[in-house]
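The values are calculated or read from the model by the stated rules, or taken from the named source; none is laboratory data. Worth saying up front: this structure is predicted, and the values here are computed from it rather than measured. Neighbour counts run over all protein chains shown; Cβ positions are idealised from the backbone, glycine included. With ligands, DNA and RNA removed, areas are computed over all heavy atoms of the protein, side chains included. Shrake-Rupley method; radii C 1.70, N 1.55, O 1.52, S 1.80 Å.
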Amino acid sequence: MVVLSIPTLEQISLISNDKPNFCSGIPTIDFMKPDSIPLIVKACEEFGFFKVINHGIPSEFMDRLEGDTMKFFSLSLPEKEKSYPDSSFCYGNKKIGSHGDMGWVEYILLSLNENFDSQRSSDLYREIKETFGSSLSDYIAAVKKLACEVLELLADELKIQPRNIFSKLLMDEESDSIFRLNHYPPCPDFQALNCNLSGFGEHTDPQVISVLRSNDTTGLQISLRDGSWVSVPPDQNSFFILVGDSLQVLTNGRFRSVKHRVLANSLKSRVSMIYFGAPALKEKIEPLPMLMKTEEESLYKEFTWREYKNIVYKSSLADERLCFFEK
Ligand code: GA4
């Protein structure tokens, strides 16, 4: 449970809760229904967001990781904070990023870039084994595969080749992908005030693609093209896919990286697990020529994932970051 201190609480924004508008029309791709697959391109263009059902990942994978995650978050604060100060396995509480963003959330962030530093990476696996057993690595392997399947379906539907043109970025052994476990503790006091405490403020994900799974608690909202916010009904049996900034650039703005946020108002705790599929640091991010029509101009200057990441990690959550690379 997150311990309150008034000065900290004052730094977390309140979001008014007039009419929580649930989005009924979230595009849904059913892996068992081939005729739903072509929807995937429209979903990335219109929403930058969709849901995958009948994905084939056994629910046991999600249940095991959720159980271990709750076990970890129910440790005392000093126990969680002592963990891993100098490793790629980091615990955070209310502070998000390095620019003063705050949210009603505690989390673990895990770098999946194994080649970053072999010493750190072997420590990392020892730490993971001790804390989570195999639930974490099994889950990550399954969602990485799902992310690649989705990216390959996208290539098929965009009629570009090779079909691993996007997924190879995640399969690269130097891929800079990360994994995040978020716990939004219940916050009943704020319900009476008819407002929500921000759990995770609005932002887009900088990577190529994100695969999100949560327990059955509300909180996630996405921003539609007209700027309005809609709540996403939770579905613990499905995965939500989010287009990231890098995929927006690779498609020269055809796909939209979706702005989203999480409100923490619930009487129940919300737990989410997100895989962020990223390229290698040295990888160039630029619109794919095969996706450009004749005479179509690139909207972006060429940059590497390392250059983009440097800007991202110096920014605040809500900042527009791609503007630095627009032509
Ligand atoms: C948003 C997506 C991922 O959760 C994340 C976040 C990162 C962090 O939590 O450290 C950032 C945020 C995210 C974008 C702007 C910067 C960096 C917090 C923040 C204020 C891990 C990522 O890659 O970018």
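Couple of notes before you dig in:
- Enumeration of residues in region 194-217 that are touching a residue at least 60 places away in the same chain (Cβ under 8 Å) and farther than 30 Å from I165 by Cα: N194, C195, N196, L197, S198, G199, F200, G201, N215
- Checked against the criterion of being within 17 Å of the chain's Cα centre (by Cα) and away from the ligand (no atom under 14 Å from the Cβ), the candidates L158, L197, L170, L154 yield just one match: L170.
- Matching entry among A147, A142 (being touching a residue at least 24 places away in the same chain (Cβ under 8 Å), under 19 Å from T28 (Cβ atoms) and among the aliphatic types (A, V, I, L, M)): A147
Yes/no per residue for (1) among the basic types (K, R); (2) open to solvent by 90 Å² or more (accessible area, probe 1.4 Å); (3) under 23 Å from L65 (Cβ atoms):
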| residue | (1), (2), (3) |
| --- | --- |
| S272 | no, no, yes |
| F276 | no, no, yes |
| P279 | no, no, no |
| K282 | yes, yes, no |
| I285 | no, no, no |
| M290 | no, yes, no |
| R306 | yes, yes, no |
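- Strands (runs of 3 or more DSSP E) wholly inside region 221-327 that include at least 2 residues being touching a residue at least 40 places away in the same chain (Cβ under 8 Å) and within 16 Å of the ligand (Cβ to nearest atom): 239-243, 260-264, 270-277
- Scoring I311 on the criteria (1) open to solvent by less than 30 Å² (accessible area, probe 1.4 Å); (2) out of contact with any strand residue (DSSP E or B) (no Cβ under 7 Å at 6 or more places or on another chain); (3) more than 23 Å from V41 (Cβ to Cβ); (4) among the aliphatic types (A, V, I, L, M) leaves a single failure, condition (1).
- Within region 210-220, tally of residues that are over 10 Å from the mean Cα position of the chain (by Cα) and not in a loop (DSSP other than H, G, I, E, B): 2
- Failed criterion for H55 (all others in (1) closer than 21 Å to G244 by Cα; (2) at pLDDT 95 or above; (3) not in a loop (DSSP other than H, G, I, E, B) hold): (3)
- Of all the criteria given as (1) under 26 Å from Y107 (Cα atoms); (2) away from the ligand (no atom under 14 Å from the Cβ); (3) assigned to a loop (DSSP other than H, G, I, E, B), the one not satisfied by Q207 is (2).
- Of residues in region 131-185 being outside any helix (DSSP H, G or I) and among the hydrophobic types (A, V, I, L, M, F, W, C), the one surrounded by the fewest Cβ atoms within 10 Å (Cβ to Cβ): I160
- Flag if N252 is on the phi > 0 side of the Ramachandran plot and surrounded by 17 or more Cβ atoms within 10 Å (Cβ to Cβ): yes
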